[in-house]
Amino acid sequence: MTIDQKLLLEVREALRNRLDEYIRNMKFDSKQVLYVSMETMPGSTIANTLMNLPEDDPIWQKLQDLNINYEDLVLSDPEPALGNGGLGRLTACIAESCATGDVPLSVNTLRYRTGLFRQKFVNGEQVEVSDIWCDSSGNYFFEFPLPQAAQRVEFGNGNNKVSVEMIPCLIPQIGAGGRCVVTAACKVGEINAPYGVDPELYRRIDEQLYCEDQFTRLRQEYALSSFTVKSAIRSCLAKGHRIEDLPNDFCLHINDTHASLMIPELLRILLDEHLQGRYDAWDVAWDIATRTFVYTNHTIMAEALEKWPLWMIEQMLPYRIGQMIIEIDRRMMERLTRDNPQLTSKQIESMRVIQDGMVHMANMDIFTAYSVNGVAKIHTQILCQRELNAFWLAMPKKFCNVTNGVTLRKFLAFANPGLRELITKLLGSDTWIRDTTKLRELLDYADDSSVQASFLEIRHAEKEELAAFIKEQRGIDIPSDFIFDVQIKRIHMYKRQLLNCLHIIYLYNQILNDPDFDMVPTAFIFGGKAASSYRQAKDVIRLILRLEKIVNENPIVSRKMRVAFVENYNVSKAMLMIPATDVSEQISTASTEASGTGNMKLMLNGALTLGTLDGANVEIYEEVGDKGMFLFGLHADEVLSYQANGNYCSWDAYKKNPELKKAVDMLVDGSLGDNFSELYNELLYGEYGNAPDRFFVLKDFESYVKAHRHVRAFYKKPSEWAKQSIRNVALAGRFSSDRMVREYCEKVWKIPYGKV
Ligand code: B1H
């Protein structure tokens, strides 16, 4: 897979010239969206560019002349390591669809020198190796630093004032129509720190994504927020517009709460620099702010909803930022009590920005933004009915839902060329790549046995490719006639990789107890990283790697089952794994996964979903129905009711089902050759002060086992399977990020989609 470096450089240079041309041709004469996100995960720039270049672009000829296979080219291309999971990948999909739909958006983020770690497996455990994605001088080949657009961000107060220059570096994304949007990833430039203040503290701002040190993290959030607000104001005034016109020139999109400090930063700058001396300064500033910001919520997990101590904000940032937040809180209380006699004081109190000295970022965002949205129907429903109910009662018009989507061009057309060709042949043209609603026409072919056969052939070829990759990377043999059952996502307790593991242990016991146990051979394939400090998640990785050994090395068991964990799962690996998947594991506890987007990418390639009614699975189910998906598990309202009443007892499920009990006991009785007592305790006693089995793994186990039985029985009917697989592809158009971006344009950003 190694490509001659000189050839590589030649291709890159050609691509870079092309990107350069696109960037030079960009125009910003209409209202622009600044999508402000702590993370983005575009994947290989070479892939992102090639996938949208027309077939007659000279680059293709060049690749041919140099005899370079583009898949090798992509795998050898370092990914900008600026993201960590679905949140970052969604940002990249939005950028791609905006480029395609000619929507004037740019992504603002930080340019982390070391991205999220590279994952290595050493002695059966995850080891984090720093991911150096830049060259030895710290540069990335496909970025364009723009020092003339730098902004100075100020920290601290009085004699401790520090000024940090933030310099945007543009990473381009070409759309299918040949337009371009950019990601402005900011790096730290010059730092002016007074004597006695260590400038290194500020150098860390662009070192690492979601860094553990909370002081640095707050500085990162403020740096990104302040840079964005200052850029928007500068550009508004440079156009000769008045500051009051800011909301007509820009929509500032707070993507999760990480960029919430844009709100007090904008108020501060307006009051102190633009509206000084005006008697109605606050009202004007507030009016501008409330017409500028929108906020998207991506999670209801309490631990991810940011709260910052007010004292930290006051001490580390300009003191006026703290003052703005206090003032927002005060006015908010006044307004809410005045306008909402129907709400109880407890409800009003729950909406406060400042509670017990902590600044609740989401509350500030919701109160200020003119639009607040969740990312899947059920997620938005839970926000409105439960988590943010008081807000919803007080200001229902603000709320809307925009279900996530993914770029079909990357995850279908580019990742699965065989399927792309088949679809294009069946539909008579490739216009479906731009107009994804056309995929529906595939429904006409779901019963056609020759189409079914081609479909299965394509899948089989992809499975062989993935098997070869796994063999090369991990030394594990996966026969390509096994069911490929895939769970690829961050390792998190709520995503329940542990449930998948317990099922594997259960099957292992069944096969050993009964060598004639009837089972369609299945390969359980995993991919995903655990945060370096997340002990339970790292234990889950250790468990999967243990199961790999035990299962694959057992001559009896390995005839019916294999386990493989692909190391260092990232966007390029996703492109390899997704087209090769038969069964898509989407098994989070109902109500915990806001949306999920891997579920969409897998469906799009014809994998059948085995999942709970959680996140966007609910909408996938709406599309494909009972036959197109394997449902199991508690429903969200049941989970929420157990949680509210505290009446779930994991011991009941454990004691009732001897096979489950055995599987759980094996975590600690030595039969796996290692001890997983933390996971065992999590299930039966609760860890870190939480209730036992807070994600209902044991409760859902039986129903999960049953769903797997259905999967295997169904797999024995290839024609039926192929039919449902084709239906899944046909019905995936709804999950295109083009549809998502169109909805954002209409409901949230209030700008036209595409050229008017
Ligand atoms: C999502 C996060 C997230 N939601 C904080 N929230 C983080 C929040 O390290 N941090 O501080 C990291 C990540 N990530 C994901 O967003 C949801 O879990 C998915 O369900 C959703 O599909 C995705 C995109 O909306």
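The values are calculated or read from the model by the stated rules, or taken from the named source; none is laboratory data. Keep in mind the model is a prediction, meaning the values are calculated, not measured. When we count neighbours, we look across all protein chains shown, and the Cβ atoms used for this are built from the backbone with ideal geometry, even at glycine.
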For Tyr445, state whether it is hydroxyl-bearing (Ser, Thr, Tyr), at pLDDT 95 or above and closer than 26 Å to Arg559 by Cβ. no
Please specify each residue of the range 628-681 satisfying the condition of being of a type in the set (Gly, Ala, Ser), in contact with a Lys or Arg (Cβ under 8 Å, 6 or more places away or on another chain) and farther than 25 Å from Leu610 by Cα. Gly673
Would you pick out the residues in the range 618-639 that are within 24 Å of Ile300 (Cβ to Cβ) and of a type in the set (A, V, I, L, M)? Val618, Ile620, Met629, Leu631, Leu634, Ala636, Val639
Consider Phe526 carefully, then state whether it is away from the ligand (no atom under 16 Å from the Cβ), closer than 30 Å to Tyr688 by Cβ, at pLDDT 95 or above and not in a helix (DSSP H, G or I). yes
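Restricting attention to the range 577-609, and to residues there that are of a type in the set (A, V, I, L, M) and within 10 Å of the ligand (Cβ to nearest atom), which single residue is nearest to Ser641 (Cα to Cα)?
Ala594
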Mind listing just one residue for me: the one in the range 196-216 that is hydroxyl-bearing (Ser, Thr, Tyr) and modelled with pLDDT of 95 or more and, of those, nearest to the ligand (Cβ to nearest atom)? Thr216
Could we say that Phe411 is touching a strand residue (DSSP E or B) at 6+ places or on another chain (Cβ under 7 Å) and either buried (at least 17 other Cβ atoms within 10 Å of the Cβ) or free of Cβ contacts under 8 Å to residues at least 40 places away in the same chain (or both) here? no
Subset of the range 225-245, residues in a helix (DSSP H, G or I) and either without any contact (Cβ under 8 Å) to a residue 60 or more places away in the chain or farther than 27 Å from Gly156 by Cα (or both), comes to Val229, Ile233, Cys236, Leu237, Ala238, Ile243, Glu244, Asp245
Of all residues being within 13 Å of the ligand (Cβ to nearest atom) and among the polar types (S, T, N, Q) in the range 278-308, which is farthest from Asp256 (Cα to Cα)? Just the residue, please. Thr299
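Confirm whether Met351 is free of Cβ contacts under 8 Å to residues at least 40 places away in the same chain and more than 16 Å from the ligand (Cβ to nearest atom).
Taking the combined requirement at face value, the residue does not satisfy it.
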For Met26, indicate whether it is assigned to a loop (DSSP other than H, G, I, E, B), touching a residue at least 12 places away in the same chain (Cβ under 8 Å) and surrounded by fewer than 18 Cβ atoms within 10 Å (Cβ to Cβ). yes
Residues in the range 377-408 that are free of Cβ contacts under 8 Å to residues at least 60 places away in the same chain and either aromatic (Phe, Trp, Tyr) or away from the ligand (no atom under 16 Å from the Cβ) (or both): how many? 13
All positions within the range 360-370 that are more than 16 Å from the ligand (Cβ to nearest atom), of a type outside the set (A, V, I, L, M, F, W, C) and under 14 Å from Arg291 (Cα atoms): Thr368, Tyr370
One residue from Leu82, Leu63, Leu87, Leu9 being assigned to a helix (DSSP H, G or I) and within 16 Å of the ligand (Cβ to nearest atom): Leu87
Leading residue by the ranking (nearest to the ligand (Cβ to nearest atom)) among those in the range 246-277 that are farther than 15 Å from Val229 by Cα and either out of contact with any Leu (no Cβ under 9 Å at 6 or more places or on another chain) or part of a helix (DSSP H, G or I) (or both): Thr257
When the range 558-571 is checked residue by residue, the ones that are more than 14 Å from Lys529 (Cβ to Cβ) and surrounded by fewer than 22 Cβ atoms within 10 Å (Cβ to Cβ) are Ser558, Arg559, Lys560
Selection within the range 470-501 - in a helix (DSSP H, G or I), farther than 18 Å from Glu593 by Cα and not β-branched (Val, Ile, Thr): Lys471, Glu472, Gln473, Arg474, Cys501
Looking only at the range 702-756, count how many residues are modelled with pLDDT under 95 and among the hydroxyl-bearing types (Ser, Thr, Tyr). 1
How many of the residues making up the range 187-224 are over 16 Å from Lys307 (Cα atoms) and in a helix (DSSP H, G or I)? 9
